[in-house]
Structure formats: C-alpha cells, structure tokens
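**Student:** Supplied in structure tokens, the structure appears directly below.
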Amino acid sequence: MKSFINLLMSSFAAAAWTADGATILPEQIVEARSLAVSTSLDISQSRAELANTPGGTEVVAAERYLTGRASTLADTFALSAGVVAQPRFGSDEARISIRGSGLQRTFHGRGILVLQDGMPINLADGGFDMQSLDPAAASHIHVWRGANALVHGSSTLGGAIEYISPTGRTAPGGFARIEGGSWDYLRSTIAAGFASETTDAWSSLTVRTQNGFRDHAEQETLRWSANFGWQPAAHIENRTFLSIVKSRSELPGNLTKAEMEDDPSQADNSLFGAVAYDNRRDYEHLRFSNHTAVVNGPHAWSFITGYSYKDLDHPITPFVGVIDQLSHDTFVGAGYAHEGEIGGRTHQFRAGLNWQHGITDNATFANLPGGTRAPLTGDADQTADNFSLYAEEQLGLGGGFTGILGASAAYNIRDNDVNTGTAMSYDRNYENISPKAGIRYDANHWQAYGNVSRSYEPPSFSEAVASAVANDAQQATTVELGARGSHAFIGWDASVYHAQLENEFLALNDATGTPLGTVNSDRTIHEGIELALEADLFGRNLDAKTPHRLMFRSAWTYGNFTFDDDPVYGDNQIAGLPPHLVRGQLLWENDHGWYAGPTFEWVPEKSFIDHANTFSADPHALLGFKFGVRRETGLSWFIEAKNLTDQTHAATTGVIADAGGTDARAFLPGDGRSVFAGLEWKW
C-alpha cells in the first residue's frame, strides 16, 4: 500500500460569514426552502442550511482565513467562537476542543465528529488525525457546536466540523497559491476545476515544508484531493471524492515551564526525551467516497459509501515505544429529507442511518535511543463498529417560531484481541438514545434559539487500553440558549450553555495519589459562553456597499469546566484549557480588496496543567499585523506578522492529575516572532 500511495503521489505531483468576513444571516431564513439536487453544498446553501439549526453553528468561508497564513487549525478557526484550536508547535497537530470535548487530548483528536464532504475523518473508534485536513482545499467549513449536528448522526459533546470541497461547478477555473516565511515555512497549492452540462471535476495539490520554531520540529506534508461529478438526469447527481495524504513530522516534545522560559525554541533534550528517542509522527492516508443525491418533488434521498486506509509510524517515549498502526475503515450512510406543509404549517423532516466498520492492526515495538525500532512488544487486532439512526422534525408554529424534535440511536462495538503483550483483551458493546428538543424564532435580520439535548460518546481504544480502563460511555445533558444576526453596523453570534456530564474520560489519581490512568469521572460540569462580534467602527451598515470600512472582529470563548463534588478533586477546575480565549482583528478594508490592521490573541487568566490545580501556565497576550489585497480573480497577496512582541508563552499544555505544586514537563511553547507572505492567482 505504501508503494501504491507513493506512485499515486508522484503521478499527481507532475457562523455564517460572507466572502469579506461580514456576519449576515441569509434573508431566506424564515422561508421554506425547496430541496436541491447536490452532492456538495455551495456556501449560500450551507448558510441557509445551518441557520435552521436551533443551536450554535457557523459557516467558515475559506476567504476569511486566506487573508493570512493558512496552515494550522488555529489559523483556520481564529475567529470561530467556541472552537479552541491551539497548535502544539506550529503544525497540523493541535489541541482542538468544542465545549470542553477531549479535554486531556493534545494529539489525535477525540470528542468531535470531523467530516470531509459528509464522510467521517474519524476512525471507527472515534479518534481523528488533523493531518488529513487541508484548509487550502476547502471551499468552506461547517461547524456545529455541541449536540447540534444530529442530522449528521453526531452525538458527541463537542459536535461536528465538516470540510466542504470545491467542485467544478462551484469553483471553475484555476487557483494557485504560495506562502512562505519564518523557519523555512513554505506551502504551495495548485487547484483547477471545470464543468460541462452533465459532468464536472476539481482537483488540488498542496505541498508544505517547514523547519519549525522549535528544534526537532521539521515537517513535510503532501495532500492531493479530487472529486468528479456526474448528473445523468435533472433529479440525480453522483460524485466521487478521492484524497491522499503523506505527512512526516518530527516531534519536539514537552518542556518544563523553566525550560520554556529559558529557551522556548528548544526541544525536549531530557534523558528519555523527544530528541534522544527521535520522536516522530509519520502518517499516510488514502480515502475514497461516492455520494449520490436524488430528488423527487418534496422528497430527497442521499447515499454515501466510502473507504479509508491509514498507516501510522509513531516512535515516542521508550516507555511507550514505536506505535505502528494499519487501519481500514468502511462507511455506509443513507439519508432522507422531506420539506412541505402539515396542516398548513411548514415542516422539514430528516432521517438517516450510518454504519462504520474499522479494523486496526495495532502493534508496538521497543524504541531504542536514536529512534531505532527494536523487537515487537505488543500486538492487537482492534475492531470497532458503529450503527446509528437519527431523525429530526422541524415544524412551523406560527409567529416566527419553529419547534424542533429529534433523536439519535447508537449501537457501538469495541473489540480488542491481544495477540502479544500485557494489555488485556475485551469485547464491549454500548447502546444509547440521545434526544433533542429545541425552538427557534426568526425575525428579519436576527434569530434566537434554545435547546435541550443529550450527548453520548463510547471510549476509543486509546482510552480503553489504559491501566485502569474507562469502561462506560461518556454522556451529558446540555441546555443552550443563543441568538445571532445583524443590526446596522453590528453583527453577532452568541451562545450560552450548561452541560452536566457523567463518566467523562479523564486521567486521575485515587485518594492516595496513585495514578489510575484514564477512567470515568463520576460527575463533571461544562458551561460557557461563545460570542463572535463584528462591527464597522465607521458606523456604516453591514449590508451597504461602501468604499471604506474599519472592521472589528473578535471571538471570545469562555469555558468553566469543573469536577462536581468529586471525592478527590472536589469542585476543582478540570485542567487543559484556558478559561478565556479571545482572538480578533481590526482591519481597514476598501472596496478594491485592500486590507490592513492588527490581529490579537489574549488569554487573560492562568490555566492549570493538573486537576489538583497546583501548577499553571501564565496568561499571555499576542499582537500581530496583516496587510494585503484580496480579489475574486487575478492577483491577491498578503504579508502577516505574528507575535510581534516575541512573547514567550505556552500555546497549550499537557494534562496531568497532580503536579504537587512543582514544575512539570507539560508545556508546549507557542511560536516566537515571525513573518509570513503569500501570493495567490485565480483565473
């Protein structure tokens, strides 16, 4: 398979935001929408679709993050309230969390359903790899925060993120972009699409290399993606998606706080550290899916089949060794939608079923100094199956109100057969029904909503094979209120939520201080505020055309995640994320596409690295600046500076149970002062 991937790579190597970033709800928000034949939504369809959700959602246009460097998840979601994306070392790898999902994960995400054009990026056990995602190959991105992605079968606390690819119909013509800058960063993308009366095609190739701000952090990644569409009749469309990823990454490892303050660019040079054992994460991914959409009057059907292959070579500490995984995942999904009237009231009904089957050959080898692979120490055949059914009804109640009722049902299998090593074999089944009820009020330029929902997540293999396993699924009940819209020169998107969790996956100690590994915490609470604001400080209406604007845009994410009368941790803060994260920009913009102004990131409070709340990362404030011009066709360019004051700070941290008030090797420094520039040509 590796040679096949190399051959293909060599062959191919020869929310709701407007394009300029403004938040404007679609005007058809209060109207019944006719069903369209489509295997890939354009951005206007996406905005109308997500605006129907009585909960926190956003459509992130690629035009928003392409005004500067578009490399990390932090670049992509910098202005997305509720999405905490913290780079580990300026790379694809990141901590990404929504509403406290996957709190203790700084790698290999969990707690969010991540989709690419309707098919999960997640493996069947729930984990996902950030290396699979290419922001330069996306038209736009859907974000459903919390249990708001029910119509995609998502039931996790964090919700779902879906990358939508351009097609030959939505992006005909060509696109070429190159970015470069500090630490030998270089990223280039070339893409093209075409369409005829019944067929279309689109493809992109992205190559990225960088040495990294920190030592032992070199990376190189190649991503190719394509899709081919065919419309044999006016009411039928079929589309095939293909993607290939090949990623090679050195891992610099965690530092102590003292080491970070002394030299944040150093790698972990400790006796058993990243340099001594050549920590890496090398990853190959092949993905195929086929989508069919059929419409007959008010009825619509969708069908998806897909397959993905993953090859992971991951030398880390000598205590863990070299993780070598080969994964094969198969996905089948079907959906039905109906829009019309019931008793003179508008309604929209959706239902569907998904099945995902994953097989992983999970082997570990001893890791000798220098990163030399030694004899096999463990081997297991891991099988995961997920069956889910979902249904949702939206019914117009009159007076601008719409009521929403829905539920998802899931049955999950986790089978771990150990062939070699000391880990235990197990075969566990999980089942759950997660209901949701909500209400939405639509006015002319704004919308208010509320909902109550249940969420559910069975453990992934990485949780379940810990020394003391997490046997039970994580569940939560969430209450959410919010509003979004625009008035005159101000736009907003605000949500407030409170979630009561049972069996949250956390690595804890017992009352004597003995580590338990990842276990099910009894009761925890996640609550917070998600607020995105924008305003033209010149006071001009956001809907009006004007030659100049002074646009302030900011995203504030507040999360209060605590234990609930825990026998060991009481009501302590759950470690991992800063309570407040504020990002934003103040840009002068004109009607010829020019823009210039400062950007900022502010973490005003310390964030604990341990659940005992004895040691923390310091607050920080970062200042940047961007300048450029962006046009629909022809030449665009940008210059962006980051961390202008060269502030030493922790971009994120690891999570431990109890640091005992002493410094720990848990800090991942953010990048120092840097400058990037880019050129782009569209035709």
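**Student:** Restricting attention to region 609-650, report how many residues are of a type in the set (S, T, N, Q) and within 25 Å of the chain's Cα centre (by Cα).
**Tutor:** Total meeting the criteria: 1.
**Student:** Condition test on THR317, is it of a type in the set (Ser, Thr, Tyr), at pLDDT below 95 and outside any strand (DSSP E or B)? Show your work before the answer.
**Tutor:** Working: of a type in the set (Ser, Thr, Tyr): yes; at pLDDT below 95: yes; outside any strand (DSSP E or B): yes.
Answer is yes for this residue.
**Student:** Go over the candidates ASP493, ASP522 one by one and state the one that is assigned to a strand (DSSP E or B) and open to solvent by 50 Å² or more (accessible area, probe 1.4 Å).
**Tutor:** ASP522
**Student:** Looking at region 543-579 only, could you name the residues that are more than 22 Å from HIS487 (Cα to Cα), among the hydroxyl-bearing types (Ser, Thr, Tyr) and touching a Phe, Trp or Tyr at 6+ places or on another chain (Cβ under 8 Å)?
**Tutor:** If we filter region 543-579 for residues that are more than 22 Å from HIS487 (Cα to Cα), which is where we start, we get 557-579.
The next check asks that each one be among the hydroxyl-bearing types (Ser, Thr, Tyr); those that pass are 557-558, 562, 569.
TYR569, the sole residue that qualifies.
**Student:** Go over the candidates VAL603, VAL629 one by one and state the one that is of a type in the set (Val, Ile, Thr), open to solvent by less than 20 Å² (accessible area, probe 1.4 Å) and closer than 22 Å to ALA136 by Cβ.
**Tutor:** VAL629
**Student:** Please determine, by comparing only the residues of region 660-680 that are in a strand (DSSP E or B) and of a type in the set (A, V, I, L, M), which one is nearest to ASP262 (Cα to Cα).
**Tutor:** Among those residues, the one meeting the criterion is LEU668.
**Student:** Could you give me the residue pairs with C-beta distances under 9 Å whose first residue belongs to region 383-404 and is on the phi > 0 side of the Ramachandran plot, whose second residue is not in a strand (DSSP E or B) wherever it lies, and which are 6+ apart or on separate chains?
**Tutor:** Close Cβ pairs (under 9 Å, with a partner that is not in a strand (DSSP E or B)) amount to GLY400/VAL30; GLY400/ALA443.
**Student:** If you take the residues of region 177-210 that are open to solvent by 30 Å² or more (accessible area, probe 1.4 Å) and among the hydrophobic types (A, V, I, L, M, F, W, C), which of them is farthest from ASP646 (Cα to Cα)?
**Tutor:** ALA195
**Student:** OK, next. I need the full set of residues from region 411-429 which are modelled with pLDDT under 95, over 18 Å from ALA363 (Cα atoms) and surrounded by 14 or more Cβ atoms within 10 Å (Cβ to Cβ), in order please.
**Tutor:** Selection gives ARG428 alone.
**Student:** When SER289 is evaluated against the numbered criteria (1) open to solvent by 10 Å² or more (accessible area, probe 1.4 Å); (2) modelled with pLDDT of 95 or more; (3) of a type in the set (Ser, Thr, Tyr), which criterion, by number, is the only one it fails?
**Tutor:** (1)
**Student:** Another one. I want to confirm something. Restricting to region 618-654 and keeping residues that are under 30 Å from TYR569 (Cα atoms), touching a Phe, Trp or Tyr at 6+ places or on another chain (Cβ under 9 Å) and assigned to a loop (DSSP other than H, G, I, E, B), which single residue is modelled with the lowest pLDDT?
**Tutor:** GLY654
**Student:** Could you list all residues from region 351-379 that are surrounded by fewer than 21 Cβ atoms within 10 Å (Cβ to Cβ) and either small (Gly, Ala, Ser) or under 25 Å from ALA437 (Cα atoms) (or both)?
**Tutor:** Selection gives ALA351, LEU353, TRP355, ALA363, ALA366, GLY370, GLY371, ALA374, GLY378.
**Student:** Another question about this same structure. Do we have ARG214 as more than 30 Å from SER38 (Cβ to Cβ), surrounded by 19 or more Cβ atoms within 10 Å (Cβ to Cβ), of a type outside the set (Ser, Thr, Tyr) and modelled with pLDDT under 95 here?
**Tutor:** Numbers: more than 30 Å from SER38 (Cβ to Cβ): yes; surrounded by 19 or more Cβ atoms within 10 Å (Cβ to Cβ): yes; of a type outside the set (Ser, Thr, Tyr): yes; modelled with pLDDT under 95: no.
No, not satisfied.
**Student:** Among the residues of region 114-136, count how many are open to solvent by 10 Å² or more (accessible area, probe 1.4 Å), among the small types (Gly, Ala, Ser) and either out of contact with any helix residue (DSSP H, G or I) (no Cβ under 9 Å at 6 or more places or on another chain) or at pLDDT 90 or above (or both).
**Tutor:** The number of residues fulfilling the criteria is 3.
**Student:** Which numbered condition trips up GLY111, out of (1) under 26 Å from TYR456 (Cβ atoms); (2) part of a loop (DSSP other than H, G, I, E, B); (3) open to solvent by 20 Å² or more (accessible area, probe 1.4 Å)?
**Tutor:** (3)
**Student:** Additional query: Filter the helices (runs of 4 or more DSSP H) completely within region 1-81 down to those with at least 3 residues that are at pLDDT 50 or above.
**Tutor:** 43-51, 62-65, 73-76
**Student:** Could I ask something else about it? If GLY173 satisfies all but one of (1) open to solvent by 10 Å² or more (accessible area, probe 1.4 Å); (2) within 21 Å of SER302 (Cα to Cα); (3) not hydrophobic (A, V, I, L, M, F, W, C), what's the number of the condition it fails?
**Tutor:** (2)
The values are calculated or read from the model by the stated rules, or taken from the named source; none is laboratory data. These numbers were taken from a predicted model, which means no experiment stands behind them. All Cβ positions, glycine included, derive from the backbone under ideal geometry; neighbour counts span all protein chains shown. Note: accessible area is taken over every heavy atom of the protein model, side chains too, but ligands, DNA and RNA are not part of it. Shrake-Rupley method; radii C 1.70, N 1.55, O 1.52, S 1.80 Å.
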